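Where a number appears in this text, it was derived from the coordinates with a stated rule and is not lab data. As the structure is a computational prediction, the values presented were derived from the model and not from experiment.
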Amino acid sequence: MNTAYAQNAYTDTMVTTTANPLDLIIQLYDGAITRLSKATFCIKKGDTAQKTQYITRTIAIIEELLASLNMEEGGEVATNLQGLYVYMLQQLTIANANDDIGRIKQIEELLKELRSAWKEIRQ
């Protein structure tokens, strides 16, 4: 069994056995943060193909977070998150095209702050 297969199986198990929606949101943030860190590493070592893959997966995660917003019930919080997610998508697209580590780090920090806030809400 290869490492990627094992990691995917573990992730699938975590998602399907997690009952709390807040835990799922936190897992999405964790995945995005991890992938951005790996994308930065790939830029530094010149691995454009792998960098693109990590940023593309991060974009997919952020798109999922964006799609899951309940604009009717979420009020101002949902509106603010929508704006942040759209900003992140734009910045990651630019970062991907230009190998811009600074933009990636900025989005990574924003995701870490949001993850922290969701963890506080969960408790």
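Taking 0.36 nm per residue of separation and subtracting the current Cα-Cα distance, fully stretching the chain between ALA117 and LEU22 would add 33.1 nm.
In terms of the Cα gyration tensor, with a ≥ b ≥ c the square roots of its eigenvalues, is the range 3-122 rounded because a/c is under 1.5, prolate because a/b exceeds b/c, or oblate? It comes out oblate by the Cα gyration axes. Our estimate of slack between VAL77 and LEU89, defined as 0.36 nm per intervening residue step minus the Cα-Cα distance, is 2.5 nm.
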